[in-house]
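K.L.:
Quick one: the structure is below, and I'll ask about it shortly.
Nothing in this text is a laboratory measurement; each read-out follows from the coordinates by a stated rule. Being a predicted model, the structure only gives us computed values, none of them experimental. Cβ: placed from backbone, ideal geometry, glycine included. Neighbour counts: every protein chain shown.
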Amino acid sequence: MLQLHIYTALRKGYRLIDSAYMYGNEDEVGQAVRQAIADGICKREDITVITKIYPGSQFANPEKAIQERLNLLNIGYVDIMLLHHPGDNDVKAYKAMEKFVQAGLIHSLGISCFYIDELKRFLPQVNIKPVLVQNEIHPYYQDTPVVDYIHSLGIVVQAWYPLGGRGHQSELLKDPVLVKIAQVHNKSVVQIILRWHYQRMVVAIPGSSNPAHIAENIAIFDFTLSDDEMNEIAALNRNEKHDWY
């Protein structure tokens, strides 16, 4: 079923897929990508596939973990491989990924759940600058100083939990400020939030298994939020983090 959802997203125009060892979805992602290519929906070079290795045994034995990701995806190469979050041996694991970049099996590297202190510790110890940092970001946890700091380094910011995350999405989607803005633009609240990320130069990676929502999530490029609306959403920040890292 997951393979079908990913295939549907590719058919709807999505070209970035986020996966990870901890998500248990790499096999299905690879199947969907291979099927979409076979069906002429897209070319391999048009798609960006992200995956991640996890602290613990994978950081301790990174070469094995990296090769397992490549084998499970089975799409020739990984576009971007991330460290899932900081942990023991994170520099060791990243340097192992650097070797796979040199071999052409990974094209770019990134990190997740790294904030200013973690970045200042980590970056001087590695050779290849990450192309992106993937962190929790949503209207109730905007983390603007960290977003600005990462951007100042020339690194892309991606938002996991762009819609607030499990157990919190319902409240966010009922927020009266967001509801009002959505009514002005004749859009859904989800589309307003995703457009807000986009105008902040934050790449949102929403997940959905509903074909209608998959289509809705990508339909955000035919309107623009005004400066006043962006400021109204900025004022919703609560510094309210919804996950532990």
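K.L.:
Arranged by the count of other C-beta atoms within 10 angstrom, fewest first, what order do W160, W244 take?
P.N.:
Lowest count first: W244, W160.
K.L.:
Mean residue ellipticity at 222 nm from the helices of the chain, using -39,500 (n - 2.57) per DSSP H segment of n ≥ 4 over the full residue count, to the nearest 500 deg cm²/dmol?
P.N.:
Calculated at 222 nm, the ellipticity per residue is -13000 deg cm²/dmol.
K.L.:
List the relative contact order of the chain as a percent without decimals, with contacts defined as Cα pairs under 8 Å and 6+ residues apart.
P.N.:
Averaging sequence separation for qualifying contacts and normalising by length gives 16 percent for the chain.
K.L.:
Separate question: Suppose we look only past 16 Å in the calculated P(r) of region 161-245. What percent of the Cα-Cα pairs does that tail hold?
P.N.:
Summing the P(r) of region 161-245 above 16 Å gives 52 percent of all pairs.
K.L.:
Then there is this: Under the rule a/c < 1.5 gives rounded, and otherwise a/b versus b/c splits prolate from oblate, where does region 114-227 land using the Cα gyration tensor?
P.N.:
Prolate.
K.L.:
Roughly what % antiparallel, to the nearest 5, for the DSSP beta bridges in the chain?
P.N.:
Values: 1 of 24 bridges.
Of the beta bridges lying entirely in the chain, close to 5 percent run antiparallel.
K.L.:
How would you classify the chain from its alpha-carbon gyration tensor, with a ≥ b ≥ c the square roots of the eigenvalues: rounded for a/c under 1.5, else prolate if a/b is greater than b/c, otherwise oblate?
P.N.:
In terms of gyration-tensor shape, oblate.
K.L.:
Output the pairs from K52/K241; K12/K92; K43/K241; K12/K241; K64/K241; K129/K174 with a Cα-Cα distance over 28 Å in this structure; if there are none, say none.
P.N.:
In this structure, K12/K92; K43/K241; K12/K241; K64/K241; K129/K174 lie more than 28 Å apart at Cα.
K.L.:
Also, I was wondering about something else. Is region 41-143 rounded, prolate or oblate when judged by the Cα gyration tensor, a ≥ b ≥ c being the square roots of its eigenvalues, rounded requiring a/c under 1.5 and prolate requiring a/b larger than b/c?
P.N.:
oblate
K.L.:
Let me ask you something else. I want the local charge near A20. Using Cβ-Cβ distances under 11 Å, sum +1 for each Lys or Arg and -1 for each Asp or Glu among the other residues.
P.N.:
Working: positive: K52, R69; negative: D18, E26.
Computed value for this residue: 0.
K.L.:
Could you sort 9-19, 219-229, 78-88 so that the peptide with the highest average Cβ count within 10 Å comes first and the rest follow in order? Before the final figure, lay out each step's value.
P.N.:
Details: 9-19: 18.0, 219-229: 13.7, 78-88: 21.8.
Result, highest mean Cβ count within 10 Å first: 78-88, 9-19, 219-229.
K.L.:
Kirkwood hydrodynamic radius, region 129-193, all distinct C-alpha pairs: what's the number in Å?
P.N.:
That comes to 12.9 Å for region 129-193.
K.L.:
Let me ask something else. GNM on the chain, C-alpha springs below 10 Å: top fluctuator among K120, K92, K129?
P.N.:
Evaluated over the chain, the most mobile residue of the options is K120.
K.L.:
Counting alpha carbon pairs within less than 8 Å and at least 6 residues apart, what relative contact order, in whole percent, applies to region 1-130?
P.N.:
Numbers: 209 pairs, mean separation 27.6, N = 130.
Taking the mean separation of contacting Cα pairs over the length of region 1-130, I get 21 percent.
K.L.:
Can you give the net charge of the other residues whose Cβ lies under 14 Å from the Cβ of Q3, counting K and R as +1 and D and E as -1?
P.N.:
Residues near Q3 contribute -2 overall.
K.L.:
What is the local net charge at I116, summed over the other residues whose Cβ is closer than 11 Å to its Cβ (Lys, Arg +1; Asp, Glu -1)?
P.N.:
-2
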